[in-house]
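Notes follow the structure.
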Amino acid sequence: MLKYELEPNDENLKETIEKNFLERNSKLVILSKLLANVKENLTISVDGKWGSGKTFFIKQFKYLVDHIEDYKDDRIINVTNKQSFKKLHETNLVVYYNAWENDMHTNPLESLIYNILNEYPKMKNQMVNFKDFKKLFKSFCRDFLYSVSGELFDINNFDQINSFDDLAKSITTIEEKKTAFNKLVDEILEDKQRLILIIDELDRCKPTFAVEMLEIIKHFYTNDKITIIVSTNNSELSNTIKNYYGNDFDGYGYLNKFYDFIISLDIKDVKGYLQKQFNFCNKSWLYHDMSYLVMKYFDFSLRECNRFITLYNMLKAYIETEDYFDKELYHINTCIFMPIVLALKIKDINKYNLFISKKGEKIIIDFLDKEIIGTDYQRWLGKLFKYENEEDFKKRILDTYYENFNTEYSYDKFPLFEAISLLGTKIIIDNKGDTDND
């Protein structure tokens with residue numbers, strides 16, 4: 001099955017920047033100009049809902065910093081804006097850290113040190129596991145870490161360290177850890193160079209790890225050579241903090257203490273994204289237009305849009321065909337019911353179950369009122385359905401809904417449940433003839 005979830009690999013990052021699918025290149029430029037002129041410690045939040053493309057955005061940023069010289073076409077990034085990326089490339093080491101992928105480590109500080117060293121040019125691609133890390137850490141850091149304090153490391157027992165936890169225990173006090181970390185940063189960075197540390201997916205971590213990571217940021221990352229970008233859903237992260245400290249705790253206020261700037265990633269033009277990325281809704285075609293309206297009605301994130309396109313293409317043979325006698329019935333099913341079924345399968349499985357059990361009247365009416373009634377779509381569909389009056393239009397759709405959402409098969413009826421079964425739903429008929437699913 002062809003999936004439409006874009007992987008943030010170099011090829012896709014390059015293409016999405018060149019085509020500017022989400023029209024976020026301007027925000028990438030703003031971020032680059034902000035960071036190119038920073039001379040002190042700074043913490044920036046890239047905030048967005050789940051599925052809004054935060055990871056893609058910050059990886060686009062890192063890609064531009066690393067590959068700005070490859071962009072010869074000034075129509076993509078103009079000459080003036082390229083200068084800020086070039087400056088960042090020359091004066092910054094950019095480290096990407098996925099907190100969610102690392103929250104199995106019980107100590108965020110040592111996990112971060114591992115990732116920073118792994119991006120250090122002299123060590124990049126050399127570390128595969130903790131054993132490799134310890135070998136490099138010992139040879140590279142031992143002398144200057146020990147010089148910070150004679151009590152900082154038990155040098156004689158260094159070879160007994162077998163995990164990040166062991167490493168944490170070998171550094172005795174908070175202040176010594178802080179000093180050691182800053183020494184490490186100073187040693188890694190060249191003269192006049194800075195570190196941009198991107199911490200991604202913090203909102204998806206275990207509460208203990210997420211809170212400890214924030215505390216690490218507050219206490220350890222105060223070096224003026226460091227800029228931190230926290231890419232997260234601040235609403236969800238504030239709930240995590242609130243749950244950790246108690247319901248009366250102000251999670252959002254807690255977060256605001258960390259951030260100097262917040263860059264919000266909203267989704268301004270989902271239809272434009274679908275057109276550019278998937279050639280979907282790219283022409284006046286009711287199947288696509290109505291699908292877009294359903295995605296708009298359910299306030300889909302980019303990730304949910306991608307999933308919708310994947311499911312739509314699974315059922316494409318059912319939706320985009322006209323091998324049925326009753327064209328009116330066919331269009332009601334393919335333009336109204338099928339897009340709603342796909343959306344509910346992604347958005348809310350409980351409402352999905354209600355909908356396919358003939359208990360979705362409120363959803364249908366609300367969708368029609370908000371997205372169809374009073375628009376050209378009502379006029380176009382009304383002609384197809386032969387009911388242009390608003391009241392008759394709604395009644396015809398509801399009557400069709402109750403009539404068709406059963407498992408009784410007829411050769412001239414749209415095979416609704418045959419199509420739905422491809423989504424992984426097993427339809428069960430009870431003794432009363434009603435439908436259910438499991």
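Once the Cα gyration tensor of the range 259-317 is diagonalised, what are the square roots of 5 times its eigenvalues, in whole Å and ordered largest first, as equivalent ellipsoid semi-axes?
Output for the range 259-317: semi-axes of 25, 12, 10 Å.
Give me, ordered by chain and number, the residues 5 or more places off R194 or on other chains with an amide H under 5 Å from its own placed amide H.
Amide H neighbours of R194: N92, L93.
With every atom except the alpha carbons ignored, what do you get for Rg and Dmax of the range 24-123, in angstroms?
15.0, 47
Among M314, M338, M104, which comes first, then next, by fewest other beta-carbon atoms within 10 Å?
Neighbour counts put them in this order, fewest first: M104, M314, M338.
Over the alpha carbons of the range 229-377, what is the largest minus smallest coordinate on each principal axis, giving the biggest first in Å?
64, 36, 32
Would you grab the residues whose amide H sits under 5 Å from the one on V46? Only those 5+ places off in sequence or on another chain, please, with H modelled 1.01 Å from N.
Amide H neighbours of V46, under 5 Å, 5+ apart: V230, S231, T232, I263.
For the residues R396, R75, what sequence is obtained by ranking on other C-beta atoms within 10 Å, fewest first?
Values: R396 18, R75 7.
The most exposed by this proxy come first: R75, R396.
Which value results when the Cα radius of gyration for the range 299-401 is divided by 2.2 N^0.38 Å?
The reported ratio for this selection is 1.08.
Sorted from fewest to most neighbouring beta carbons within 10 Å, what does the list S421, S231 look like?
Result, fewest neighbours first: S421, S231.
Along the positive direction of the dipole of the range 70-113 (beta-carbon charges: Lys, Arg +1; Asp, Glu -1; about the Cα centre), which of N81, S111, V95 reaches farthest?
N81
Could you go through the range 308-314 in sequence order and give the Karplus-derived ³J(HN,Hα) for each residue, using 6.51 cos²θ - 1.76 cosθ + 1.60 with θ = phi - 60°, rounded to whole Hz, and x for Gly and Pro?
4, 4, 4, 5, 4, 6, 5
Short version: ³J(HN,Hα) in whole Hz for each residue of the range 382-387, in order, from phi by Karplus 6.51 cos²θ - 1.76 cosθ + 1.60 (θ = phi - 60°), x for Gly and Pro, what are they?
These are the phi-based 3J(HN,Hα) values: x, 5, 5, 7, 6, 9 Hz.
FYI, it's all coordinate maths here, none of it is from the lab. All values derive from a computational prediction rather than experimental measurement. Counting neighbours? That spans all protein chains shown, and the Cβs are built from the backbone with ideal geometry, glycine included.
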